[in-house]
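The values are calculated or read from the model by the stated rules, or taken from the named source; none is laboratory data. Computed from a predicted model, the values in this text were never measured in an experiment. Cβ atoms come from the backbone with ideal geometry, glycine included; neighbour counts cover every protein chain shown. What goes into the accessible areas is simple: the full protein's heavy atoms, side chains included, and nothing from ligands, DNA or RNA. Shrake-Rupley method; radii C 1.70, N 1.55, O 1.52, S 1.80 Å.
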Amino acid sequence: MTRPVAGRRAGSSAGDKGRAGKTGAQKTTGRTGVGQTEAVQKTGGKKAAGHHLQTPARERSLRLFFGLALPEAVISDLAQAQSKLSSNWRKVEGNQLHITLAYLPGVPEGRVAILRELGTRLAAEAGPMTLRLRGTGYHPNVGTPRVWFVKVEGEGLAELAARLSAELDALGFPTEGKFQPHVTLARKKGPAPRLPPLSFAQEWEAAQLHLIHTFLPRDKTGPVYDTVSRFALTGRGPLIAPVVHQTSESPIPEFPASDPPVSPS
């Protein structure tokens, strides 16, 4: 909407045309604020009848990641392990347990469709993967830990993560952190005792790749993960990509976020 220039009174249509003719150009600037960007329009000496200036909304940035979900049987076994935690640990709810392949901390909402296209394309090349849980660990491994997790391994897992990272980089999507195959079981902020190491024998087939939106609800009890898209892994085998080797001390993303959910597809 066109606003009168500060310090002047909005005049009649005829007065406006007269002033436009004298100045030769008129600029209307909207103030930059939350959800808005600055807009400048030149009329070229003529007032466009029936047109109003609109300040475009600033495109919100989303925190997304590509990941793999866990089957109910695995979630149930991990829940039994979580029951051994003290009250200072905040467990990750069963429906939020996942394996992160590539974390994208700032995706413009208008570019989510590109990520969906990428997921569709890679899922058509990569086949289902047999994954296994290993032992538990802490991050950091020395000092006071903040994250308790269980390691994951499987043929094709590192290749898929490496291919995702390379493709995202080529598309101009910055990723955060290096791939470390794990499932986060709990987080904490205050002092809490460590549990003795646990090992698992679960094995399952991962047949879907997920694009997930992470955000922090108003009660701030912990990040929430909403699946935006699912992609069936229908390829013939592992992708050809360089394997990224990680150490146990590589940072584990904790996904702080404050965005509202994005619509699934």
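Quick notes
- In range of the label at Arg60: residues from the range 94-129 whose backbone nitrogen is under 15 Å from the point 7 Å along Cα→Cβ: 106-112
- Distance in nm between pseudo-label sites at Arg90 and Asp169 (7 Å out along the Cβ direction from Cα): 3.3 nm
- Segment Arg132..Glu117, full-extension length gain: 2.6 nm, with 0.36 nm per residue of separation and the alpha-carbon distance subtracted.
- Modelled FRET efficiency - R0 35 Å, Thr144 with Ala124, Cβ distances, 0.05 increments: 0.20
- Remark: spin-label model distance Glu176-Glu205 equals 3.6 nm, labels positioned 7 Å along the Cα→Cβ axis.
- Residue-level accessible surface for Asp219, protein heavy atoms, 1.4 Å, Å²: 100 Å²
- Student exercise, the range 127-237 dipole from Lys, Arg, Asp, Glu Cβ charges, in Debye to nearest 20: 560 debye
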